[in-house]
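Below is one structure, written out as structure tokens; comments come after it.
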Amino acid sequence: MDMLLQVGYLITAILFIMGVMRLRSPATAKSGNLIAASGMVVAFVVTLVQYHSFSWLWIGLALILGAIVGSYAALKVRMTAMPQMVALFNGMGGGAAALVSIGELHSQWSVGVSSAAASIAALLTVLIGSISFTGSLLAFAKLQEWVRGRPITFGGQKLLNGLLLAVALVLGIMMIVSGGPHALPWLGVYIVLAALLGLLLVLPIGGADMPVVISLLNAFTGLAAAATGFLMSNNVLIIAGALVGASGTILTQQMSRAMNRPIHNIVFGAFGQVAAGAGAGPDGGDGVVQSATVDDVATMLAYARNVVIVPGYGLAVARAQQEVRQLTERLNERGVTVRFGIHPVAGRMPGHMNVLLAEADVPYDQLYEMDAINPQFPQTDVVLVIGANDVTNPAARNQPGSPLYGMPILNVDQAKRIVVLKRGMSPGFAGIDNPLYTNPKTSMLFGDAKASLDHLLRALDEV
């Protein structure tokens, strides 16, 4: 029977690795997800076969509840709410790992049987898992706009965070040394400290940094799962946790490089706290906003040779990805080359725009990452910016006093013409004005993106 368990876990590990490998490309991501899910099914089945000290009633209820929640999320949650769902599910993973470790510590310490190695693994899991749980819940609340997206700071915040971490570590060492039933009350204090630390770490992080934060918390959850695997002597948990932790860490590093900001600056920098209104710089023109009509934009697009569409969160909010695909097809029929410029941190979660466009069946070969599309902007006739504010802000290049300064952006201002689809002149999620909107080459098409694109499609037929 033990051989069956190990073979099952080996198959699971292989399927997880194959699934993660196929997640590297939008073209194979769907099959990669199914492969990884199949691995989880294999792990679940062989675990049920191996162990019998559980209640089939509770297992059945958990399966039914999980299936209902998962099915509802897959079918009903809109793309605009996908970042919140990712943050919430990630928090559930961290919380689950923490609960398993708490149960193990309670069962061992209550009878006075414990080892230093097991206690260390369990307490690290409780710490990391609790931080991931409460931090992800707060990230969810910020993305859902139940809590304001701007950084929330107060005096001595960093000092308090450091003090809480130091107290938690000292308390953990004390519990490892003492162990036994008398350490259990202190475990409750330790859990509260870890949960509070998760909230305080995410509280000063602004909405513009949420994609990086979600990725970082995802890495935390992976580490917590791996530590739980060591505690339970479960190889598949170790492998799965290591995969999640490593991929989350790599993704976090890549995204921080895309923003040209180190991780510590993202976590502790309170980006977005600076007041909005860092106005027109060298690319700000004369401060005059040029408004365009649908017919004007349709004519520009119809007679262009090269068009680049830059999607942002506004596209997701308007749910206009299908109209964007139709516009792409209509322009392709006219012989216009259409590409999409994707910034690594556009949207509210890693890969948000790729997922959004894939949902609308936009061809993968038309999606270009920032480094690939930037050299092509000078030869681009028209750039269509849909809701992408901060990732197209030239202040990142030209205004040393701007909080965005130094962040690599999509160089849309280098194109011959720029058209921005936007509801109004409000700043983006970072709360910083965009001088691109007063650039003499820029025309603003105000209104809901979905409605504007619908009008554009009709106007193109008349050009």
> Could you list, in sequence order, the residues of the range 121-159 that are free of Cβ contacts under 8 Å to residues at least 12 places away in the same chain and outside any helix (DSSP H, G or I)?
Replying inline: Glu145, Trp146, Val147, Arg148, Phe154, Gly155, Gly156
> Restricting attention to the range 405-463, which residues are modelled with pLDDT of 95 or more and of a type in the set (Val, Ile, Thr)?
Replying inline: Val412, Ile418, Val419, Val420, Thr442
> From the residues in the range 49-62 that are under 18 Å from Gly8 (Cβ atoms) and surrounded by 11 or more Cβ atoms within 10 Å (Cβ to Cβ), which one is modelled with the lowest pLDDT?
Replying inline: Gln50
> Between residues in the range 286-311 that are assigned to a strand (DSSP E or B) and residues that are surrounded by fewer than 17 Cβ atoms within 10 Å (Cβ to Cβ) and among the hydrophobic types (A, V, I, L, M, F, W, C), which pairs lie under 8 Å by C-beta distance while being six or more apart or on different chains?
Replying inline: Ser291/Phe446
> Hey, Pro394 hits all of (1) more than 28 Å from Pro262 (Cα to Cα); (2) in contact (Cβ under 8 Å) with a residue 60 or more places away in the chain but one; which does it fall short on?
Replying inline: (1)
> Which residue out of Asn306, Asn265 is more than 22 Å from Gly447 (Cα to Cα) and modelled with pLDDT of 90 or more?
Replying inline: Asn306
>> Within the range 34-48, take every residue that is exposed (fewer than 14 other Cβ atoms within 10 Å of the Cβ) and under 27 Å from the mean Cα position of the chain (by Cα) and give me the one that is farthest from Tyr364 (Cα to Cα).
In response: Val41
> Among (1) at pLDDT below 75; (2) under 14 Å from the mean Cα position of the chain (by Cα), which single condition is Gly279 missing?
Replying inline: (2)
>> If I filter the range 105-119 for residues that are of a type outside the set (D, E, K, R), closer than 25 Å to Ile239 by Cα, assigned to a loop (DSSP other than H, G, I, E, B) and out of contact with any Asp or Glu (no Cβ under 6 Å at 6 or more places or on another chain), do I get at least one hit?
In response: yes
> If you check Glu323, Glu369, which single one turns out to be out of contact with any helix residue (DSSP H, G or I) (no Cβ under 8 Å at 6 or more places or on another chain) and in the same structural domain as Ala449 (by TED's automatic domain parsing)?
Replying inline: Glu369
> Which one of these does Leu57 not meet: (1) without any contact (Cβ under 8 Å) to a residue 12 or more places away in the chain; (2) assigned by TED's automatic domain parsing to the domain that holds Leu216; (3) part of a helix (DSSP H, G or I)?
Replying inline: (2)
> Pro400 is checked against (1) touching a residue at least 60 places away in the same chain (Cβ under 8 Å); (2) in a loop (DSSP other than H, G, I, E, B) and fails just one. What number does that condition carry?
Replying inline: (1)
>> Name the residue that is farthest from Ala226 (Cα to Cα), counting only residues in the range 8-44 that are at pLDDT below 90 and either touching a Gly at 6+ places or on another chain (Cβ under 6 Å) or among the β-branched types (Val, Ile, Thr) (or both).
In response: Thr28
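The values are calculated or read from the model by the stated rules, or taken from the named source; none is laboratory data. Since the model is a prediction, treat every value here as computed from it, not as a measurement. For neighbour counting, all protein chains shown are included, and Cβ atoms are generated from backbone atoms with ideal geometry for every residue, glycine included.
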